[in-house]
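Encoded as C-alpha cells, the structure appears first; notes follow it.
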Amino acid sequence: MHPVVATKPATRMILALVCVSQFMVILDASIVNVALPSIQRELGFSATSLAWVVNGYLLTFAGLMLLGGRAADLFGHRRMLVSGLFVFSVASLVAGLATEPAVLVAARVAQGVGAAMLAPATLAVINTSFVQSRERARAFGAWSASGGLGGMAGAVVGGALTTGLSWRWVFLLNVPIGAGLVVLALLSLARPRPGRRASLDLTGAVTATAGLGAVIYGVMRSADHGWTKLPVAGPVVVGLLLLLAFVVVEARFATEPMMPLRLFGIRRVAVGTAMLLLFGGIAIAMWYFTSLFLQNVLNYSALRAGLGQTPAAVMFVVVARIAAALLSRTGVRPLMVVGCGGFVAGFGWLSQAAAGSGYVTSVLGPTLLIAAGIGLTFPTLMATVTSDVPEGDAGIIGGLSTTASQVGGSVGLAALTTVAGGRIGTRSSAEALAAGYDLVFVVAAALGLALAVVSTLLPKPDRG
C-alpha cells in the first residue's frame with residue numbers, strides 16, 4: 001500500500017484525529033474501573049465474572065493488534081481506522097444499553113476488537129502523513145501525550161460520570177465522540193492510491209493472535225492462581241508454543257508473511273521493541289501501584305487517588321511535547337538517559353514512602369519525576385521504532401510497538417503483583433501494604449536502569 005502524504009491544511013485535522021482516537025482507546029481501558037461496583041449491583045455480576053468487564057477488553061485489544069496492524073497495511077490505513085472507530089462506537093453503545101452480564105462482556109470484547117483495528121492504524125497514519133522527522137516526532141509526542149492523558153483521566157471521568165449520571169455513561173460517552181471521529185477521518189484522510197493487493201497470511205494471523213491471546217490470558221489469571229498452577233502455566237505454555245509456531249511459519253512457509261522477520265533486522269525495531277516491553281512494566285508500576293498506595297495505604301477514595309495523580313499526568317503531557325520538539329536536535333540517547341534517570345531517582349524516592357507519609361513529600365515529588373521520565377522516553381521510543389519503516393509495513397510496525405507495550409504492561413502487572421504479594425503475605429495492615437508496594441518501586445527503579453543500558457543500542461535517528 002503506497003503512503004498518502006497529507007497536505008498542509010489537513011495535517012492539523014489528522015493530528016486531532018489520531019490524538020483523540022488514542023485518547024478514547026486508552027481511556028476505555030481505565031474509565032470502567034471506578035464503575036465496576038455499580039455495574040455489579042445493577043446487572044448481578046458475580047465477583048469472578050466481573051473481572052471480564054475489564055479483561056474482555058484488554059485481552060482482545062492486546063491479542064489482535066498485530067493482526068490489526070497488518071490489516072491496515074493490506075486494506076488501507078484509512079479504511080481500518082474508520083472501521084475500527086465504527087466497531088468501537090457500536091460496541092460502546094451496546095455496552096451502555098446492556099441489561100445482562102453476558103451482553104456487557106461481549107460488547108467489551110467487541111470494543112477490544114475495534115481498538116485493535118484502530119490503534120495501529122493511528123500510528124500508520126502518523127508515519128505516512130508526517131514526512132519530515134521533526135514533524136513526525138512532534139506528532140508522536142502529541143499522540144503519546146493523548147494516550148497518557150486518557151489513562152490518567154479514567155478514574156476522574158469515570159468517577160464523575162458514575163456519581164453524577166450512571167455507569168452506563170462511561171460507555172455511552174464514546175458514541176458521539178466516535179461518530180465525530182468517523183466524520184473527521186473521512187474528511188481529512190485521502191483515499192490511498194491503488195497498489196498491489198497482497199493476501200492475508202491466515203496461518204500467521206491465527207498462530208500469532210491465538211498465541212498472544214493465550215499468553216495474556218494466562219498472565220491475567222496469575223493474580224488468582226500461582227504461576228505453576230495449570231490455569232496460568234497451561235495457557236502461557238500453549239501461547240508460547242503457538243508463538244514459536246508463528247515464527248516458524250513466517251520464516252519458512254509464508255509467501256507473504258503477516259510479520260516479515262526481516263523487520264527485526266532493523267536495529268531500531270528490534271531494540272525498540274525490547275525496550276517497549278520493559279517500558280510497559282515501568283508504566284504499570286507508576287500508574288497502577290501508585291494508585292494502590294494512595295488508596296490502600298493513605299486511604300484515599302478512587303476519585304481522590306485519580307486527582308492525586310493528575311499533577312503527574314499534566315507533567316507527562318507537557319514533557320512529552322517538549323521531548324518531541326527536542327528529538328530532532330538531541331537524538332535518541334540523551335532523552336533516554338535523562339528519562340531513565342527520572343525513573344531511577346523517582347522510584348527510589350517513592351520506595352521510601354510509608355504508612356504515615358505525607359502526599360506532597362512522599363508521592364507528589366517522586367511521581368512528577370517519574371512522569372517526566374515517561375514523557376521523555378515513550379514518545380522518543382515510539383518515534384524511533386516506527387520512523388522510516390519500509391513501504392507497506394507502517395501498520396504492522398505500529399501493531400508490533402503497541403503490542404510490545406501492552407504485553408509488557410500485562411506481564412509487568414502480574415510479575416509486580418507477585419513481588420508485592422510475596423512481601424505482604426497474609427498481612428493487611430497499611431504498614432505491610434506499604435512495604436509490598438515499596439518493593440515494587442525498587443524493582444521498577446531497576447527496570448529503569450535496565451532500560452537505560454539497553455537504550456545505548458539504539459541508533460541515532462535521521463534528522464530532518
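Some observations on this one:
- Förster radius 51 Å - calculated FRET efficiency between Gln132 and Ala233 (Cβ-Cβ, nearest 0.05): 0.55
- Taken along the Cα-to-beta-carbon direction at a fixed 7 Å, the label points for Leu200 and Thr456 span 4.4 nm.
- For a label point 7 Å along the Cα-to-beta-carbon line of Asn299, residues of segment 424-447 with backbone N under 14 Å: 429-431
- Cα gyration tensor category, rounded, prolate or oblate, for segment 216-287 with a/c compared to 1.5: oblate
- Multiplying the residue separation of Gln352 and Val54 by 0.36 nm and subtracting their alpha-carbon distance yields 104.1 nm.
- Rounded, prolate or oblate (a/c below 1.5 giving rounded, otherwise prolate when a/b exceeds b/c) for segment 201-257 by Cα gyration tensor: prolate
- Based on Cα contacts under 8 Å between residues 6+ apart, the chain shows a relative contact order of 24 percent.
- Inter-label distance, nm, simple model (7 Å from Cα along the C-beta direction), Glu431/Thr163: 3.2 nm
- Length-normalised contact order of segment 1-187 in % [C-alpha pairs under 8 Å, at least 6 apart]: 39 percent
- Amide N proximity, segment 95-130 versus Glu42 label position 7 Å along Cα-to-Cβ, cut-off under 20 Å: 95-112
- Cα-based shape type of the chain, given that a ≥ b ≥ c are square roots of the gyration tensor eigenvalues and the cut on a/c is 1.5: rounded
- Protection proxy ranking, peptides 325-331, 121-127, 165-171, 214-220, average beta carbon neighbours within 10 Å, highest first: 121-127, 214-220, 165-171, 325-331
- Net charge of Cβ neighbours under 15 Å - reference Met117; Lys, Arg +1; Asp, Glu -1: +1
Here, each number is a calculation from the coordinates, and none is a lab measurement. Treat the numbers as computed from the prediction; the structure is a model and nothing was measured. Cβ atoms come from the backbone with ideal geometry, glycine included; neighbour counts cover every protein chain shown.
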